[in-house]
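Report on the following structure.
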Amino acid sequence: MANAGTTNVPAISWTLQGPVAPSGPAILAGVQQDYDVAFNVTFSFNGSNPESQLASSQAAAVNNVYQAIVYYATQVDPAFAQGRMQDAIARINFLTRNGAQPTTLQIQCTGSGAVISAGPTTFATVVDPSGNLYQCTQAGTLPAAGGSLTLSFAALVPGPTPVPTSVKIYQSIPGWDTATVVSGAIGTATETSQQFEQRRQASVAANAVNSNQAIQGNLLNVAGVLDAYVTDNPSNAPVTIGGVSIPANSLYVAVTGGAAASVASAIWRKKPPGIPMFAGNNSQVVTDPNPGYSPPAPSYTITWQTPASLQIYYAVTITNSTLVPPNATTLVQQAIVNAFNGANSGATFTGSISGNILTVTQVGTGTIAVGQVLSGPGVIPGTTISALGTGAGNAGTYTLSTSQIVNSTTLTTAPLTNVPSPARARIGSVIYASQYGAVVAALGSWAQVKTMLVGSNNTAGAVVVGSISGTTLTVTAVTSGTIALGQFLSGFDSLNSITVGTTISSFLTGVGGVGTYTVSNSLTLAGATFTGTRNALNQITAASVTGTIGIGDVIAGTGVPTGTTITSQISGTPGGAGVYGTSVDTTASSAAITCGVSITAAAANQNFVSVNINQEPQISAANIAVAYA
């Protein structure tokens, strides 16, 4: 008989790469040998007799302990930590996990003399067609003589609220007449493990000053900031970086989200002194809080860019077979949207387990996928998602690898280690189509990706001037390129009247140029006509307006250079009679002016998309075309 205290159960191997637990069969074999030695007999472990059940239960208990030890040993590494262990590591850097961040909008406010406030109890508020409220985060005052300015707003409820195409003033403010969506950035759910670790790494640089990394790291710690990009031009001549011409010896900062005062303070605290800043579309005066100054303390004007939205388009072809489920298109679209927004790195949700069936009632963050390791109170270590049930990444049922009973509680799944999960698409990034192939393939054996391509307006197929009535697009002029079937349409006008996901579905009289085409959504995009007279340099007065004039519209008529666009409304009735800014000067004098919408047609036909540093990439399920062949 073996000495007391000895065992044939293999121990955990502690290697240079970390702990490695023995396999389940090896543990079971060791327990069975211990039983033979302890009782001095050779048992018949047939899987159904008492000795088999006792040995299996003891082996399972040992395996559970081993898996727990291995799991918590990996949690001391920031690259693998998650949940409470990741929170503890980040706390060393004085960081806490970001909660859900609200969707932010750039709103063009039009009127005369109104004070649009952003105070803690006096927020100016707008509402979208779905009833979501957005509060002003950057105060401003409209010109007394009438005009417009663009201000930042944030959704009242944090989280990924879709960017609306239109909003209305929620509570009347005298002198504030209209609110128009210029651009927006979708909010985020609670920070995932991957996102938190990326921010922790960036925050280490934030401890420094006088460096781009320090500024970016400091900005990413500002409440409500969704993304930030910082670069500089150290040369003595203008340089184009990421699609933006940056003046000599100047600093460029792009920020999405966050209150203007907090953003400006974060930049000022880390920027090198005496360095000019790129004149972006936002500015804020920061006063030095140093108590050593006698009033008035020095103040500084901080400027930065709020990026414009860049819609990203996808075209996915899946091998057609009897295995493809009826909701396959929705599953593919949602998987790409989740990965694009950085939510494909595991999930946090409310669920319960009965036997080997996991029932999920609500997903807080991320996406549940086959192969993910499940953890939470009472969950057997090493349990994985082995198959989809009624759930497909969200609420529903899933099959687990290990049978157990767990009452409803908060559970998490770890990121897949064998499936590449792209980082969230960001300002100035390169988005490769190939990054998302594995994301779709992880949906199941039916998801055999034949081709996947991306596109954006940065590589537009055509830019035209036209109007839409119902499902008919009428093109009156072609600025560049050729219209083709399947292209996604978007407008540059401030009216945002082209529904996301609208595509060219068939040719009518047009065959790539001037003519008519059928589009996939019924719309009204009429443009306008008016009598125009030059008012001042790069200004035109519009009278007798028929239709609605939008910012970005292309105007044509006697005295108007080809390609001239409306850049702003300076005064007058919103979209109607008044004074407008123009992209170039005109000589119009009581001229009959036609005002058409500039429409971009772009296809998902590229292997990658380069996002400019003044653009925030956006994705919508409607912009993901899924085909089966």
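When Pro78 is tested against (1) assigned to a helix (DSSP H, G or I); (2) at pLDDT below 90, only condition (1) is not met.
Number of residues in the range 14-33 that are touching a Ser or Thr at 6+ places or on another chain (Cβ under 9 Å) and either small (Gly, Ala, Ser) or over 24 Å from Val70 (Cα atoms) (or both) equals 4.
Of all positions in the range 533-540, none carries a residue that is crowded, with 18+ Cβ neighbours inside 10 Å, in contact (Cβ under 8 Å) with a residue 40 or more places away in the chain and in a loop (DSSP other than H, G, I, E, B). Evaluated against (1) closer than 26 Å to Gly378 by Cα; (2) touching a residue at least 12 places away in the same chain (Cβ under 8 Å), Leu95 falls short on exactly one condition, (1). Checked against (1) buried (at least 22 other Cβ atoms within 10 Å of the Cβ); (2) at pLDDT 90 or above, Gly596 passes all but condition (2). Just one residue in the set Asn249, Asn282 is over 22 Å from Thr104 (Cα atoms) and not assigned by TED's automatic domain parsing to the domain that holds Ala441; that residue is Asn249. The residues of the range 549-564 that are within 35 Å of the chain's Cα centre (by Cα) and either in the same structural domain as Val181 (by TED's automatic domain parsing) or buried (at least 20 other Cβ atoms within 10 Å of the Cβ) (or both), listed by number, are Ile549, Gly550, Ile551, Asp553, Val554, Ile555, Thr564.
The residue that is farthest from Ala629 (Cα to Cα), counting only those in the range 273-302 that are in contact with a Phe, Trp or Tyr (Cβ under 7 Å, 6 or more places away or on another chain) and crowded, with 19+ Cβ neighbours inside 10 Å, is Ile302.
I'd like the residue in the range 475-490 that is part of a strand (DSSP E or B) and crowded, with 19+ Cβ neighbours inside 10 Å and, out of all such residues, is modelled with the lowest pLDDT. Among those that are part of a strand (DSSP E or B) and crowded, with 19+ Cβ neighbours inside 10 Å, it is Ser490. When the range 514-530 is filtered for residues that are buried (at least 18 other Cβ atoms within 10 Å of the Cβ) and assigned to a strand (DSSP E or B), the ones remaining, listed by number, are Tyr517, Val519, Leu523, Leu525, Ala528, Thr529, Phe530. For the range 312-340, a tally of residues being surrounded by fewer than 20 Cβ atoms within 10 Å (Cβ to Cβ), touching a residue at least 60 places away in the same chain (Cβ under 8 Å) and not hydrophobic (A, V, I, L, M, F, W, C) returns 9.
A residue that is modelled with pLDDT under 90 and more than 49 Å from the chain's Cα centre (by Cα) occurs somewhere in the range 5-22. Restricting attention to the range 222-261, the residues that are under 17 Å from Ala155 (Cα atoms), small (Gly, Ala, Ser) and either more than 20 Å from the chain's Cα centre (by Cα) or not in a strand (DSSP E or B) (or both) add up to 5.
Residue by residue, here is whether (1) under 30 Å from Pro78 (Cβ atoms); (2) surrounded by 11 or more Cβ atoms within 10 Å (Cβ to Cβ); (3) of a type in the set (S, T, N, Q); (4) assigned by TED's automatic domain parsing to the domain that holds Gly382 holds:
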position: Pro19; (1), (2), (3), (4): yes, yes, no, no
position: Pro22; (1), (2), (3), (4): yes, yes, no, no
position: Leu28; (1), (2), (3), (4): no, yes, no, no
position: Val31; (1), (2), (3), (4): no, yes, no, no
position: Asp36; (1), (2), (3), (4): no, yes, no, no
position: Asn40; (1), (2), (3), (4): no, no, yes, no
position: Phe45; (1), (2), (3), (4): no, yes, no, no
position: Leu54; (1), (2), (3), (4): no, yes, no, no
position: Ala59; (1), (2), (3), (4): no, yes, no, no
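Here Val511 clears all of (1) part of a loop (DSSP other than H, G, I, E, B); (2) in contact with a strand residue (DSSP E or B) (Cβ under 7 Å, 6 or more places away or on another chain); (3) β-branched (Val, Ile, Thr) except the condition numbered (2).
Based on what the data block shows, is Thr125 outside the structural domain of Gln569 (by TED's automatic domain parsing), of a type in the set (Val, Ile, Thr) and crowded, with 22+ Cβ neighbours inside 10 Å? No.
So that you can scan it fast, the table gives a plain yes or no per residue for (1) under 22 Å from Leu226 (Cβ atoms); (2) in contact with a Gly (Cβ under 7 Å, 6 or more places away or on another chain):
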site	(1), (2)
Val115	no, no
Val126	yes, no
Tyr134	yes, no
Thr137	yes, no
Leu142	no, yes
Gly146	no, yes
Ser152	yes, no
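Restrict the check to the range 432-453 and report whether at least one residue is among the small types (Gly, Ala, Ser), assigned to a strand (DSSP E or B), at pLDDT below 90 and crowded, with 21+ Cβ neighbours inside 10 Å. No, the range 432-453 contains no residue that is among the small types (Gly, Ala, Ser), assigned to a strand (DSSP E or B), at pLDDT below 90 and crowded, with 21+ Cβ neighbours inside 10 Å.
If you check Val500 against the conditions, is it assigned to a strand (DSSP E or B) and not hydroxyl-bearing (Ser, Thr, Tyr)? Break it down stepwise before answering.
Numbers: assigned to a strand (DSSP E or B): no; not hydroxyl-bearing (Ser, Thr, Tyr): yes.
No; evaluated as a whole, the condition is false for this residue.
On the given criteria, is Ser130 of a type in the set (Ser, Thr, Tyr), surrounded by fewer than 17 Cβ atoms within 10 Å (Cβ to Cβ), free of Cβ contacts under 8 Å to residues at least 60 places away in the same chain and in a loop (DSSP other than H, G, I, E, B)?
Details: of a type in the set (Ser, Thr, Tyr): yes; surrounded by fewer than 17 Cβ atoms within 10 Å (Cβ to Cβ): yes; free of Cβ contacts under 8 Å to residues at least 60 places away in the same chain: yes; in a loop (DSSP other than H, G, I, E, B): yes.
Yes, satisfied.
Just so you know, in the range 103-122 the residues that are surrounded by 19 or more Cβ atoms within 10 Å (Cβ to Cβ) and of a type in the set (A, V, I, L, M, F, W, C) include one that is farthest from Thr161 (Cα to Cα), and it is Ala114. Of all the residues in the range 548-566, those that are assigned to a loop (DSSP other than H, G, I, E, B) and either over 10 Å from Ala528 (Cα atoms) or of a type in the set (Lys, Arg) (or both) number 10. Inside the range 567-609, can you point out the residues that are in a strand (DSSP E or B) and among the β-branched types (Val, Ile, Thr)? Matches in the range 567-609: Thr567, Ile570, Val579, Thr582, Ile593, Thr594, Val597, Ile599, Thr600, Val609.
Within the range 620-629, if we keep just the residues that are surrounded by fewer than 23 Cβ atoms within 10 Å (Cβ to Cβ) and outside any strand (DSSP E or B), the residue that is farthest from the chain's Cα centre (by Cα) turns out to be Ala629.
The values are calculated or read from the model by the stated rules, or taken from the named source; none is laboratory data. Being a predicted model, the structure only gives us computed values, none of them experimental. Cβ atoms come from the backbone with ideal geometry, glycine included; neighbour counts cover every protein chain shown.
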